Amino acid sequence: MMNELSLVQRIVVWILPVIFAITVHEVAHGWIAKKFGDNTADQQGRLTLNPLNHIDWLGTVILPGLLLLTGTGFIFGWAKPVPVDARNFKNPRKDMAWVALAGPVSNLLMAIGWALLARLGVVIGIEAISLPLIYTGVAGISINLVLALINLLPIPPLDGSRVLTGVLPNYWAWQYNRLERYGFLILLVLLYTRVLNALLEYPMYLAQQLFFSIAGI
């Protein structure tokens, strides 16, 4: 659907969904952490939707930009991780699992919001107004689903690994988290070898069908 757009149009369509998807994801972590008793993110000014407070130049700007320019059809990224001090939690591993889960859940909620925006474009039916809403809505659905699915993978330090750590016995949780030093390398290898695409292709297809149906497209 995006192939008919020029590069400039694609940048305009994707920029807000990407920034909001990454920013709100991190704020959600900090907000839930505060609910469980850790004010670290709030004290460091990270509970804000101002993207400048969350930008990681590689993950928020360079990587998404390169993926968009190369037309891979697969765009993702990350922001500076929100600081969380689990020592402030009553039940550190279980509470951290909820904090981790907040990120992907926020992406799914945003995907619903972007689907409703696209549906508004469908309902309006005036091309000059509808098309920008529909294209931006589709971009918002796509980036948020990608971020939710990737972050739910049980690869330390992705959010899915924190959730899994919360349910594993102490010894196995400790052993499992030792993989964190290799996590980014594992993710890059999975991406380079297209194993990541194969893992996510079918879940992404099913999720897109659901959210596109909400959007009426």
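So here's what we get for this one:
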read-out: Selection count, segment 5-25, where residues are under 11 Å from Ile143 (Cβ atoms) and either of a type in the set (S, T, N, Q) or not in a helix (DSSP H, G or I) (or both); value: 0
read-out: Residue within segment 109-116 that is modelled with pLDDT under 95, in a helix (DSSP H, G or I) and of a type in the set (A, V, I, L, M, F, W, C) present; value: no
read-out: Qualifying positions in segment 54-99 - part of a helix (DSSP H, G or I), under 19 Å from the mean Cα position of the chain (by Cα) and modelled with pLDDT of 85 or more; value: Met96, Ala97, Trp98, Val99
read-out: Segment 191-205 - residue that is under 25 Å from Gly140 (Cβ atoms) and open to solvent by less than 90 Å² (accessible area, probe 1.4 Å) and, of those, modelled with the lowest pLDDT; value: Leu191
read-out: Qualifying residue in segment 162-178 (condition: small (Gly, Ala, Ser), modelled with pLDDT of 90 or more, closer than 18 Å to Leu145 by Cα and open to solvent by less than 60 Å² (accessible area, probe 1.4 Å)); value: no
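The values are calculated or read from the model by the stated rules, or taken from the named source; none is laboratory data. Just so it is clear, the structure is predicted and the values come from calculations on it, not from any experiment. Every residue, glycine among them, receives a Cβ derived from its backbone with ideal geometry; neighbour counts consider all protein chains shown. Just so you know, the surface numbers come from the protein's heavy atoms only, side chains and all, with ligands and any DNA or RNA stripped out. Shrake-Rupley method; radii C 1.70, N 1.55, O 1.52, S 1.80 Å.
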